[in-house]
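Engineer: Here's a structure for you.
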Amino acid sequence: MKKDLRHSFNAAIRPVRSQDLDAIEKIENDGYTGVDRYPRELLEGYLEASRENPDVVMLIAGDSAGYVLGEITGDDRHGEIIDLAVMKQHRGQGLGRDLLERVSTSLRDLGAAEILLYVRTDNAAAIHLYETAGFEKTKDMPGYYQDGDGMQMTKRFKPAGPG
Ligand SMILES: CC(C)(COP(=O)(O)OP(=O)(O)OC[C@H]1O[C@@H](n2cnc3c(N)ncnc32)[C@H](O)[C@@H]1OP(=O)(O)O)[C@@H](O)C(=O)NCCC(=O)NCCS
């Protein structure tokens, strides 16, 4: 039964377009409060960057159900997941996992050997999702958020074998 539930919301996941800014802002406002919420200007900056720079990956699901933002960064060109959010009414149906998988695959295809992210230590849903998607805690980040602790999690890809 659990399996059926997880696949009950088959949202098409695609790269964002300029006209998706309102939807992304709505998803962001539904997913976060206070200091955790990215302002519209920042979201707009990432959205435009993702359309010009292949190292910035921004995907939206079901036109307004959820979105994910990742990028390739640093001299070592590692991946980072900057944001992942699903509208409350669409949660628990596997969409967060699908978005995470899609962005991880894109970052890997762009050459990332590992992907980092930061998460609040009390965000049980996100931590469960990341752990079951192959991320491990790599650093405690006390006081990382203005009002709480965070941690760094990392997923390392196995180097491709010979042949
Ligand atoms: C984190 C988030 C994106 C997950 O989205 P989602 O679409 O509900 O995720 P999924 O349906 O793919 O579920 C992922 C897993 O989390 C589990 N989960 C959901 N809510 C949970 C909770 N409160 N506690 C523990 N696990 C939970 C699900 O059971 C599922 O695990 P399973 O596949 O082993 O059953 C969503 O909760 C969200 O948008 N939160 C607000 C924004 C946020 O905190 N983003 C992460 C910032 S680092």
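The values are calculated or read from the model by the stated rules, or taken from the named source; none is laboratory data. This structure is a prediction, so every number in the text was calculated from the model and none was measured. Virtual Cβ from ideal backbone geometry, glycine too; neighbours counted across all protein chains shown.
Engineer: For Tyr46, state whether it is in a loop (DSSP other than H, G, I, E, B), in contact (Cβ under 8 Å) with a residue 24 or more places away in the chain and surrounded by 16 or more Cβ atoms within 10 Å (Cβ to Cβ).
Structural biologist: Criteria not met by Tyr46.
Engineer: Anything in region 48-97 that is of a type in the set (Asp, Glu) and more than 16 Å from Ile27 (Cα to Cα)? List them, or say none.
Structural biologist: Selection gives Glu48, Glu52, Asp55, Glu71, Asp75, Asp76, Glu80.
Engineer: Would you check which residues across region 32-43 are in a helix (DSSP H, G or I) and modelled with pLDDT under 95 and list them?
Structural biologist: Gly34, Val35, Asp36
Engineer: Could I ask something else about it? Does any residue in region 106-119 that is in a helix (DSSP H, G or I) come within less than 6 Å, Cβ to Cβ, of a residue that is crowded, with 18+ Cβ neighbours inside 10 Å and of a type in the set (A, V, I, L, M, F, W, C) six or more places away or on a different chain, and which pairs are these?
Structural biologist: So the pair list comes out as Ser106/Val57; Leu107/Ile115.
Engineer: Test Leu110 against the stated conditions and say whether it is at pLDDT 95 or above, over 23 Å from Gly34 (Cα atoms) and of a type outside the set (Phe, Trp, Tyr).
Structural biologist: Yes: the conditions hold for Leu110.
Engineer: Also, I was wondering about something else. With respect to Tyr145, is the statement that it is within 18 Å of Tyr38 (Cα to Cα) and either more than 8 Å from the ligand (Cβ to nearest atom) or touching a residue at least 12 places away in the same chain (Cβ under 8 Å) (or both) true?
Structural biologist: yes
Engineer: Okay, next question. Looking only at region 94-107, count how many residues are crowded, with 19+ Cβ neighbours inside 10 Å and within 9 Å of the ligand (Cβ to nearest atom).
Structural biologist: The total comes to 6.
Engineer: Now for a separate question. When the residues of region 108-142 are narrowed to those that are crowded, with 16+ Cβ neighbours inside 10 Å and β-branched (Val, Ile, Thr), which ends up farthest from the ligand (Cβ to nearest atom)?
Structural biologist: Per the stated criteria, the residue is Ile115.
Engineer: Can you tell me which residue within region 55-93, out of those that are assigned to a strand (DSSP E or B) and small (Gly, Ala, Ser), is nearest to the ligand (Cβ to nearest atom)?
Structural biologist: Ala85
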